């Protein structure tokens, strides 16, 4: 880290975690303990099935309010904050005025698939794009959305004419506003998700820019993950911002160094399955190649599978069914289907919320229930669809020469014992759930603190050992058959 030599035992670390439904500010000490935390809810706006956006001013306000909250909670101890870092959703993009900072577009969410039809024209280039970026041709990534802004938003076009336009990862927009220096920079894990960033050169690639008709002058400068991003000035304090990462990248470091024998699953709006490959950049036939951290001298990589509809799928279906307090009842409903009528439970859900991600990659797949049942059973079917999609991605990883030997799961859905147990039963791998499931901010703080040896060790959470679950296996087989049949007819 830029000021690692200055770390002291009483130092505190400010982790800013901007997620799909909330912005969080959490302060940790050197022992990985949370000292104070705050969050502010953030609305997400959906327009038909394809457009998913955040209001950029509301997003910035939620971040600033959360930071101010923790600073006020700390009082005099706020002086001990040594450094700050930012983690964000990786594929969100925005356009803004580099002179005034004014947002010229909405923050377009990674869940947004507005350009999926246009992307079909690039299918002849799909293999080249995958080789250069590690990504498959998908509307979830930023390039097609940035192109759409250039073609459809008058304020963006005017700013380009005036040489005042900058566009790119949402993280870059946030850093511009957090730091008094107004940097125009992009870290690797966020830059890479634009589908314009080359894994080899660690910079914007001319051929990719030409494919999407985006001028390099419009994009932030590419820098490492740890970098002197600028200074956060708040309440009389000057806090250096020294780290920026993608949320899924940061989550992998929540409990120390990344373990090569583990598949990491982090659940939130989506669910993400990551298999570390260390400093080796490996390619999977149906998995992403992702950079999770880059210093000046080296980069760390994972093979990654993405499930687009996790928490968002539960939200979508519960709203459609007009069910309130779903998350208060999930545990009971899951328990009932295991111990009450597991072998008779037939409800299935083909989950295409925000598009069908890895390992199938179908942007416009229509979600649907197979069979009809009561509302609680439908919610259970949605949850099992998430588990089934995770299983599909784990199966892809099991084809590797060194397959994962265990799973670590974090995020909101990990708090449910039954979800963890079903995942173990289906994958036949032991599943470990740490005591603290909110992983993104914790991993960010671990890197900010220069990977202290005092960080909490694993093995104090809960292990879920695989058990025989014939009903679950039968439902997965039926679900898999139904999904493949649906894909043939899409």
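The values are calculated or read from the model by the stated rules, or taken from the named source; none is laboratory data. What you see is a predicted model; the values in this text were computed from it and never measured. Quick reminder, even Gly has a Cβ in these numbers, built from the backbone with ideal geometry, and neighbours come from all protein chains shown.
Residue 324 meets all of the listed conditions (1) at pLDDT 95 or above; (2) surrounded by fewer than 18 Cβ atoms within 10 Å (Cβ to Cβ); (3) in contact with a helix residue (DSSP H, G or I) (Cβ under 9 Å, 6 or more places away or on another chain) but one, namely (1).
Screening residue 312 against (1) under 30 Å from residue 189 (Cβ atoms); (2) touching a helix residue (DSSP H, G or I) at 6+ places or on another chain (Cβ under 9 Å); (3) surrounded by 20 or more Cβ atoms within 10 Å (Cβ to Cβ) leaves a single unmet condition, (2).
A single entry from 82, 103, 15 fulfils the requirement of being within 20 Å of the chain's Cα centre (by Cα) and farther than 18 Å from residue 311 by Cβ: 15.
Can you name the residue in segment 349-366 that is crowded, with 23+ Cβ neighbours inside 10 Å and not in a loop (DSSP other than H, G, I, E, B) and, of all such residues, is nearest to the chain's Cα centre (by Cα)? My answer is 356.
Inspect all residues belonging to segment 407-418 and state whether any of them is buried (at least 20 other Cβ atoms within 10 Å of the Cβ) and more than 22 Å from the chain's Cα centre (by Cα). Taking every residue of segment 407-418 in turn, at least one turns out to be buried (at least 20 other Cβ atoms within 10 Å of the Cβ) and more than 22 Å from the chain's Cα centre (by Cα).
Of the residues in segment 181-190, at least one is surrounded by fewer than 19 Cβ atoms within 10 Å (Cβ to Cβ) and over 24 Å from the mean Cα position of the chain (by Cα). Kindly establish whether residue 63 is at pLDDT 95 or above and either more than 22 Å from residue 249 (Cβ to Cβ) or within 22 Å of the chain's Cα centre (by Cα) (or both). Answer is yes for this residue. Scanning segment 444-478 for residues that are closer than 27 Å to residue 388 by Cα, surrounded by 14 or more Cβ atoms within 10 Å (Cβ to Cβ) and in contact with a helix residue (DSSP H, G or I) (Cβ under 6 Å, 6 or more places away or on another chain) gives 464, 466, 469, 471, 472, 476. Looking for something in the same structural domain as residue 305 (by TED's automatic domain parsing), under 30 Å from residue 38 (Cα atoms) and surrounded by fewer than 15 Cβ atoms within 10 Å (Cβ to Cβ) - is there at least one such residue anywhere in segment 420-434? Checked segment 420-434: no residue is in the same structural domain as residue 305 (by TED's automatic domain parsing), under 30 Å from residue 38 (Cα atoms) and surrounded by fewer than 15 Cβ atoms within 10 Å (Cβ to Cβ). Of the set (1) modelled with pLDDT of 95 or more; (2) crowded, with 17+ Cβ neighbours inside 10 Å, all apply to residue 481 but (2).
Would you say residue 286 is more than 25 Å from residue 441 (Cα to Cα) and part of a helix (DSSP H, G or I)? For residue 286, the condition - more than 25 Å from residue 441 (Cα to Cα) and part of a helix (DSSP H, G or I) - is not met.
Inspect segment 246-258 for any residue being surrounded by fewer than 24 Cβ atoms within 10 Å (Cβ to Cβ), in contact (Cβ under 8 Å) with a residue 12 or more places away in the chain and out of contact with any strand residue (DSSP E or B) (no Cβ under 7 Å at 6 or more places or on another chain) and give the result as yes or no. Yes, there is a match, as at least one residue in segment 246-258 is surrounded by fewer than 24 Cβ atoms within 10 Å (Cβ to Cβ), in contact (Cβ under 8 Å) with a residue 12 or more places away in the chain and out of contact with any strand residue (DSSP E or B) (no Cβ under 7 Å at 6 or more places or on another chain). Report whether or not residue 378 is assigned to a helix (DSSP H, G or I), assigned by TED's automatic domain parsing to the domain that holds residue 277, surrounded by fewer than 24 Cβ atoms within 10 Å (Cβ to Cβ) and in contact (Cβ under 8 Å) with a residue 12 or more places away in the chain. In short, yes.
The residue that is surrounded by the most Cβ atoms within 10 Å (Cβ to Cβ), among those in segment 195-229 that are out of contact with any helix residue (DSSP H, G or I) (no Cβ under 7 Å at 6 or more places or on another chain) and under 21 Å from residue 25 (Cβ atoms), is 226.
Any idea which of (1) in the same structural domain as residue 226 (by TED's automatic domain parsing); (2) out of contact with any strand residue (DSSP E or B) (no Cβ under 6 Å at 6 or more places or on another chain) is the one residue 318 doesn't satisfy? Here residue 318 meets the rest and fails (1). Every residue in segment 411-426 that is at pLDDT 95 or above and touching a strand residue (DSSP E or B) at 6+ places or on another chain (Cβ under 7 Å), please. Passing the criteria: 413, 414, 420, 421, 423, 424. Per the conditions (1) farther than 30 Å from residue 255 by Cβ; (2) touching a residue at least 60 places away in the same chain (Cβ under 8 Å); (3) in a helix (DSSP H, G or I), the sole criterion not satisfied by residue 330 is (1).
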